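What follows is a short report on a single structure.
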Amino acid sequence: MRVRFWGTRGSVPTPGPSTVRYGGNTACVEMRTNAGTFLIFDSGTGIRELGRQGGTVSAHLLLGHTHWDHIHGFPFFTPVFVPGNRLVIYGARDLDRSLRDVLAGQMHFTYFPVPLGDLRADIDFTELEEGEIRIQDAVVRTHYLNHTAVCMGYRVEADGVSVAYMTDHEPYGPVGNGLRGGFVHGGDRRLIEFVRGVDLLIQDAQYTPDEYDALVRTWPVTPALAGLLPG
């Protein structure tokens, strides 16, 4: 399996000399199996450059969640404008709107000149809960994360290796002894078991332990998630 990072930033694109090493685009990661299965994780602005590679595209786009920095590159993904291309979009099942409606919302004529329904590629939507699906030769397992929107983490197994993709997760409960200690909440322990043994873990790590303890740990457990978690 090959993994390529097209966007690694959160919230907004950050172009300029200070972001040359990792790039200034928001979240987008490409994975391709040896058999050619084409997986894309998130459609931040990095997906624009990914879409400029040319050729016929048959891909699977897996969204961690639908905050802007994970979807605002989608309207600029050139393959969705080309007849003959195919894209299946996956994301966590929301409580009050379909995944299609969420993506169509940012392409309403008030915000964007081309509505979702006018895209020429063949586009399908699959809404996910926790579980396991097969995408061609890849086995994809899903796990809810804690964020202010319903948020999904993914574990992909193919070609004898495993990769986990998880962004924007906030620990569910207190961390023993600060971030340098152990996780004490059952939800955090479930997540640790979900990623245990992966060959590559992709997870944001924006803050130092001191910054996190002092400034960041403010989000409560997502109320919408409480009814979705098993047990």
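Nothing in this text is a laboratory measurement; each read-out follows from the coordinates by a stated rule. Because the structure is predicted, anything quoted here is derived from the model rather than measured. Neighbour counts run over all protein chains shown; Cβ positions are idealised from the backbone, glycine included.
Nearest-5 percent of antiparallel DSSP beta bridges in the chain?
Antiparallel bridges make up about 55 percent of those DSSP assigns within the chain.
Between residue 211 and residue 22, take the C-beta separation as r, use R0 = 25 Å, and let me know the FRET efficiency to the nearest 0.05.
0.85
Going by amide H atoms built from the backbone, whose H comes under 5 Å of the H on residue 145, apart from near neighbours?
For residue 145, whose amide H was placed from the backbone, the distant partners under 5 Å are 151, 152, 153.
Defining a contact as two alpha carbons under 8 Å apart and six or more residues distant in sequence, what relative contact order in percent does the chain show?
13
Could you rank the peptides 128-138, 76-86 by their average count of other C-beta atoms within 10 Å per residue, with the highest value first?
On the way: 128-138: 14.0, 76-86: 17.0.
By packing density, highest mean first, the sequence is 76-86, 128-138.
Counting only helical runs of four or more DSSP H residues, what would the 222 nm mean residue ellipticity of the chain come to if each run contributes -39,500 (n - 2.57) and the total is spread over all its residues?
Values: 5 runs with 30 residues, N = 231.
Rounded to the nearest 500, the figure is -3000 deg cm²/dmol.
Please say if region 32-109 is rounded, prolate or oblate, where rounded means a/c under 1.5 for a ≥ b ≥ c the square roots of the C-alpha gyration tensor eigenvalues, and otherwise the choice is prolate for a/b larger than b/c and oblate otherwise?
prolate
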